[in-house]
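One structure below.
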Amino acid sequence: MKVLTRVYEVKQNIRPIKQKGIKIAFVPTMGALHQGHIELLKQARFYAHFVVLSIFVNPTQFGGNEDYDKYPRDLDNDILTIKKNNIPVDCVFAPSVQEMYPFLEIPQLTLPFLSQKLCGLSRPTHFDGVGLVVLKLLNIVQPDFLIMGQKDYQQTVIIQRLIDEFFIDTQLITIPTVRESDGLALSSRNIYLNAEERENALILYKTLNSIQKELKIGMNALQIQSLLKKYRETFAQNGFVKLDYLEILDAYNLVPIQEIQRGSKILIAIAAYIGKTRLIDNMVLEI
Ligand code: PAF
């Protein structure tokens, strides 16, 4: 496994692989690797013989008041995790900020509709930064397959749109969320939770499950709204958890659902602050 920090080195290593016709799968991450990332990497090997992992805490996707400085960074430990678990990675790309953003002026990339919904409401510039860095990474690695987790569902919708918009030759593969045995979705931010908050965090998964059971074919927009109202109110009474959003949307384009029909693909998405930590989770139902 090679660990590279320079764009030209990655390109040099990728070129002969592509020339030989070997398929490449790419897993972009911000490090602090956990079981969820390990699952993405294992799936990546399933799709391709050459697996590239990037580890880069991307400054442009953090807002001014967010946890960019505090975000966990430990490249040596991430590499150890890969080796200890025998994870199939051929190349790790861990660039500096200067390497990824060599010019003082940073371009803007905006998808006004998709990126301002859900997480975009409280993180208005987040997806512009995600889109920008993923576009740069895709240009560097030129993978046949881009492997991402369903936990960041909105991110996958936006990246799919960019792939289509910029005619990028890569296939996005979305891997189901990996959960703790009690249902909590794995996240690098879970390490911020103390024992009590860890317990309170289960409300996200429980809420998704309860809503899933109540959704029925034939439900209209009004009925969906009153269901959401009921669940949002339970959060208002919970002093330990502050709801950011709870939505039921069309999973393809993130618009409200007029009626649940056979063939509908539905996203139930939730974000909440557990103490100071903001966690997200979702469920995608194919009716
Ligand atoms: O999902 C993440 O970890 C990040 O948003 C990504 C895709 C690596 C871009 O920085």
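Rank these for me by crowding, VAL52, VAL97, VAL130, going from fewest to most other beta carbons within 10 Å.
Numbers: VAL52 27, VAL97 12, VAL130 24.
Sorted ascending by nearby Cβ count, the order is VAL97, VAL130, VAL52.
Using just the helices of the chain, give the 222 nm mean residue ellipticity in deg cm²/dmol: DSSP H runs with n ≥ 4 each add -39,500 (n - 2.57), and the total is spread over all residues, rounded to 500.
On the way: 10 runs with 108 residues, N = 287.
Dividing the helical sum by the residues of the chain leaves -11500 deg cm²/dmol.
In this calculation the C-beta distance from ARG15 to THR110 is compared with R0 = 25 Å, giving a FRET efficiency of 0.20.
Could you line up PHE113, PHE62 from fewest to most neighbouring Cβ atoms inside 10 Å?
Starting with the residue having the fewest Cβ neighbours, the order is PHE113, PHE62.
Approximating the spin labels as points 7 Å out from Cα along Cα→Cβ, the TYR252-to-ASP76 distance works out to 5.1 nm.
Going by C-beta contacts inside 10 Å, put PHE127, PHE50, PHE166 in order with the fewest on the left.
PHE166, PHE50, PHE127
No lab work stands behind these numbers, since they all come straight from the coordinates. None of these values were measured; they are calculated from a predicted model. Positions of Cβ are generated from backbone atoms using ideal geometry, with glycine treated the same way; all protein chains shown enter the neighbour counts.
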